[in-house]
Each structure stands twice: as C-alpha cells, then as structure tokens.
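S.K.: Below are the structure tokens for one structure; questions will follow.
The values are calculated or read from the model by the stated rules, or taken from the named source; none is laboratory data. Owing to the predicted nature of the structure, the values given are computational and were not obtained by experimental measurement. Don't worry about glycine lacking a Cβ; one is built from the backbone with ideal geometry, like all the others, and counts go over all protein chains shown.
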Amino acid sequence: MFILSKELRLYFIRHGETQYNIEKRMQGFCDSPLTVNGIKQAMSVGAGLRNIDFICAYASESQRVLDTARYAIGDRDISITKDARLKEMNFGVLEAMLPEEIVAKHGNILETFFSLKDLERRLDEGESYSDLLTRTKAAVKDIIDAHQETGGNVLVFSHGVTIAFYIRSLLNRTDFPQHDNCCVSVIVVKDGEITVETVADASFRDKGKELLDLEDKKD
C-alpha cells in the first residue's frame, strides 16, 4: 500500500507514430524512428498539456519514446528520467516482422497470443504478459514512492501494450484498452489508493493540435 499525504497524478502517454507503426511491423524491444506525423502528435499532446504543471517526467529507454517525450516537453523545464522497465513488451522472434511474415512462419500465433487467455505464455526469446506487468508495476511503484511526499503531476512516456496492460490490471478488465499514438491515461494516487481517472484519452493530443494550428496561422 502507498501512504500519501498529497494527491499524485501520473499521466501515461504512448509514443508518437513510428515507421514500423505505418508498416504494421511488430515493434516491442526493437525500434524505429518517429514519422513526421508522429513528431506532430508528440508536439500536439505537449501543447494539450501545457496548462498543467509537471514536476518531472519518466520515459522508456526506447528512442521513439525519448523523442516523443522531448518533442512533447519542448522548452519546458521538466527533467526526464529513463527507466528500462517502461519499455514495450518483448515480442521475441516476432520483432520487426510483418503480419504476413508472422502468419507464414508461425501460423495464428498472434491471434492466440493477443487473446489474453494465457498470461504466462512467452513468445520465443520474448516475455509473457505477467513478465511485462511485473516490471511495469515495479517501475510505477518506484515513481510513486519517489513523489509520495510532494504529490503533483508526473509524465510517464511509454508504449501501447505496456500502458494498456497496466491500466487493464488496475481496472480488472478482461478486454484490452487500446491506446492510439500519444493518447493519455491518467491515474490518481491519494491516501494509499490508486484510481484510474482517464483511459486512452485522445483529447489532449487533438486539442493541442488545434492550438498549434492556430498559432501557425497567426505566424
């Protein structure tokens, strides 16, 4: 149990669109750069969150996430701490493969794996959902512990499956809350209780885009 005297809010943000996202390649521990659209998404979510004071930020070590964090934060004075435990799920032998390549080589493995019927199943050279959740929970606990006395707002930049599976566990959901690029999920920690306030909210990104478009027109 977390004992807090002040309210702490964690804003989980999935990275912006990447080249592998466009190509529909499996992207977990492997990496690919943000697209032009992905950079715009990152800047947009940052603009949508500009009126919120953040005490710090945490980010996965993957470059696509670090770049998203830096574009989102821009020139704000917010430090970024890297944490490997916030990385995407390790898809093992499926990393960087196209869907048709996976089917040709491994059959219906994706359908079976993403059914979430066996959370202990590991992909070859990869990890299970239980592995993923264990490291994610440990990372989040450390973040909460580090800020339990001050409270405030913290940015956590991570990945789609990592964030979604953590939120799923908090809500005891059986389905999978899909997170699009630069969507935001928010948890609130107060008096030892964790509450999910927002799940996969695109409004920060979309409103931020509108703000940036208006500023571009003024220029």
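S.K.: Restricting to segment 96-130, name every residue that is part of a helix (DSSP H, G or I) and free of Cβ contacts under 8 Å to residues at least 24 places away in the same chain.
M.R.: Glu100, Glu101, Val103, Ala104, Lys105, His106, Ile109, Leu110, Glu111, Thr112, Phe113, Ser130
S.K.: A follow-up question, please. For segment 40-55, which residues satisfy the criterion of being surrounded by fewer than 17 Cβ atoms within 10 Å (Cβ to Cβ) and touching a residue at least 24 places away in the same chain (Cβ under 8 Å)?
M.R.: Step one: list which residues in segment 40-55 are surrounded by fewer than 17 Cβ atoms within 10 Å (Cβ to Cβ), which gives 50-53, 55.
Within segment 40-55, Arg50, Ile52, Asp53, Ile55 qualify.
S.K.: Scan segment 155-197 for residues that are touching a strand residue (DSSP E or B) at 6+ places or on another chain (Cβ under 9 Å), closer than 18 Å to Leu119 by Cα and among the β-branched types (Val, Ile, Thr) and jot them down.
M.R.: Thr162, Ile163, Ile167
S.K.: Right, something else. For residues that are among the hydrophobic types (A, V, I, L, M, F, W, C) and closer than 15 Å to Asn51 by Cβ, scanning just segment 199-213, find the one that is surrounded by the most Cβ atoms within 10 Å (Cβ to Cβ).
M.R.: Applying the first criterion (among the hydrophobic types (A, V, I, L, M, F, W, C)) to segment 199-213 yields 199-200, 202, 204, 211-212.
Checking the rest, the ones that are also closer than 15 Å to Asn51 by Cβ come to 204, 211-212.
Numbers: Phe204: 24, Leu211: 13, Leu212: 16.
So, considering only residues that are among the hydrophobic types (A, V, I, L, M, F, W, C) and closer than 15 Å to Asn51 by Cβ, the one surrounded by the most Cβ atoms within 10 Å (Cβ to Cβ) is Phe204.
S.K.: Quickly run through segment 120-136 and pick out the residues that are more than 14 Å from Lys87 (Cβ to Cβ), surrounded by 13 or more Cβ atoms within 10 Å (Cβ to Cβ) and either modelled with pLDDT of 95 or more or in contact with a helix residue (DSSP H, G or I) (Cβ under 6 Å, 6 or more places away or on another chain) (or both).
M.R.: Result: Leu123, Ser128, Tyr129, Ser130.
S.K.: Which of the residues that make up segment 198-213 are part of a helix (DSSP H, G or I) and either of a type in the set (A, V, I, L, M) or under 13 Å from His179 (Cβ atoms) (or both)?
M.R.: Those that are part of a helix (DSSP H, G or I) and either of a type in the set (A, V, I, L, M) or under 13 Å from His179 (Cβ atoms) (or both): Phe204, Arg205, Leu211, Leu212.
S.K.: Considering only segment 37-51, how many residues are within 15 Å of Leu214 (Cβ to Cβ) and in contact with a Ser or Thr (Cβ under 6 Å, 6 or more places away or on another chain)?
M.R.: Residues in segment 37-51 being within 15 Å of Leu214 (Cβ to Cβ) and in contact with a Ser or Thr (Cβ under 6 Å, 6 or more places away or on another chain): 0 in total.
S.K.: Take the residues in segment 144-175 that are in a loop (DSSP other than H, G, I, E, B) and touching a residue at least 24 places away in the same chain (Cβ under 8 Å); name whichever of them is farthest from Tyr58 (Cα to Cα).
M.R.: Initially, segment 144-175 is screened for residues in a loop (DSSP other than H, G, I, E, B), giving 147-151, 159, 172-175.
From what's left, touching a residue at least 24 places away in the same chain (Cβ under 8 Å): 147-151, 159, 174.
Details: His147: 12, Gln148: 15, Glu149: 18, Thr150: 16, Gly151: 15, His159: 12, Thr174: 28 Å.
Ranking the qualifying residues of segment 144-175, first place goes to Thr174.
S.K.: Also, quick follow-up: Let me spell it out: the conditions are (1) β-branched (Val, Ile, Thr); (2) closer than 30 Å to Asn153 by Cα; (3) without any contact (Cβ under 8 Å) to a residue 60 or more places away in the chain; (4) in a helix (DSSP H, G or I), and Thr81 meets all of them except one. Which number is the exception?
M.R.: Just one mismatch for Thr81, condition (4).
S.K.: Sticking with this structure for a sec: Against the conditions (1) outside any helix (DSSP H, G or I); (2) touching a Ser or Thr at 6+ places or on another chain (Cβ under 9 Å), where does Thr195 fall short? Just the number, please.
M.R.: Failed condition: (2).
S.K.: While we're on this one: If I filter segment 58-65 for residues that are in a helix (DSSP H, G or I), surrounded by 13 or more Cβ atoms within 10 Å (Cβ to Cβ) and among the hydroxyl-bearing types (Ser, Thr, Tyr), do I get at least one hit? It would help to see each step written out before you state the result.
M.R.: Taking segment 58-65 first, the residues in a helix (DSSP H, G or I) are 63-65.
Adding the requirement that they be surrounded by 13 or more Cβ atoms within 10 Å (Cβ to Cβ) leaves 63-65.
Now restrict to residues that are among the hydroxyl-bearing types (Ser, Thr, Tyr): none.
No, because not a single residue in segment 58-65 is in a helix (DSSP H, G or I), surrounded by 13 or more Cβ atoms within 10 Å (Cβ to Cβ) and among the hydroxyl-bearing types (Ser, Thr, Tyr).
S.K.: Among the residues of segment 1-54 satisfying the criterion of being part of a strand (DSSP E or B) and aromatic (Phe, Trp, Tyr), which is farthest from the chain's Cα centre (by Cα)? Write out each step before concluding.
M.R.: Let us first name the residues in segment 1-54 that are part of a strand (DSSP E or B), namely 8-14, 18, 34.
Of the ones still in play, those that are also aromatic (Phe, Trp, Tyr) are 11-12.
Details: Tyr11: 9, Phe12: 6 Å.
That would be Tyr11.
S.K.: So, in segment 138-164, exactly how many residues are surrounded by fewer than 21 Cβ atoms within 10 Å (Cβ to Cβ) and in contact with a Pro (Cβ under 9 Å, 6 or more places away or on another chain)?
M.R.: Residues flagged as surrounded by fewer than 21 Cβ atoms within 10 Å (Cβ to Cβ) and in contact with a Pro (Cβ under 9 Å, 6 or more places away or on another chain) within segment 138-164 amount to 0.
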